[in-house]
1. What tally of residues in the range 1-60 results from selecting those that are in contact (Cβ under 8 Å) with a residue 24 or more places away in the chain and in contact with a Phe, Trp or Tyr (Cβ under 6 Å, 6 or more places away or on another chain)?
2. Here are the criteria: (1) at pLDDT 95 or above; (2) of a type in the set (D, E, K, R); (3) exposed (fewer than 12 other Cβ atoms within 10 Å of the Cβ). Tell me which single one residue 57 does not satisfy.
3. Considering every residue within the range 22-44, establish whether at least one is open to solvent by less than 60 Å² (accessible area, probe 1.4 Å), among the polar types (S, T, N, Q) and part of a loop (DSSP other than H, G, I, E, B).
4. Working carefully through the options 30, 42, find the one that is at pLDDT 95 or above and under 11 Å from the mean Cα position of the chain (by Cα).
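The values are calculated or read from the model by the stated rules, or taken from the named source; none is laboratory data. What you see is a predicted model; the values in this text were computed from it and never measured. Quick reminder, even Gly has a Cβ in these numbers, built from the backbone with ideal geometry, and neighbours come from all protein chains shown. For accessibility, only protein heavy atoms count, side chains too; no ligands or nucleic acids. Shrake-Rupley method; radii C 1.70, N 1.55, O 1.52, S 1.80 Å.
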Amino acid sequence: MRTRQEYVWEHFGMMDDPDYAGQAVQKLELYAANGYFPGKNLIITMESKSKPLSSFEIKRIINAYSK
């Protein structure tokens, strides 16, 4: 079912880098200050070297938000 709902999808791809992770937290604060919230209109994915994001997980997320 199409809802015409728009989402922002932010992918944080280097979460094992402490500086990058700190900047990611700051970016999430900016999203919230501008009305974007995880589970509502903001999709967040993350990965690290030891835990890469899989295409299976991406498809699962897309399916969850397209209902």
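1. Counting residues in the range 1-60 that are in contact (Cβ under 8 Å) with a residue 24 or more places away in the chain and in contact with a Phe, Trp or Tyr (Cβ under 6 Å, 6 or more places away or on another chain) gives 6.
2. Answer for residue 57: the failing condition is (3).
3. Checked against the condition, which is being open to solvent by less than 60 Å² (accessible area, probe 1.4 Å), among the polar types (S, T, N, Q) and part of a loop (DSSP other than H, G, I, E, B), the range 22-44 yields at least one hit.
4. Residue meeting the stated conditions: 42.
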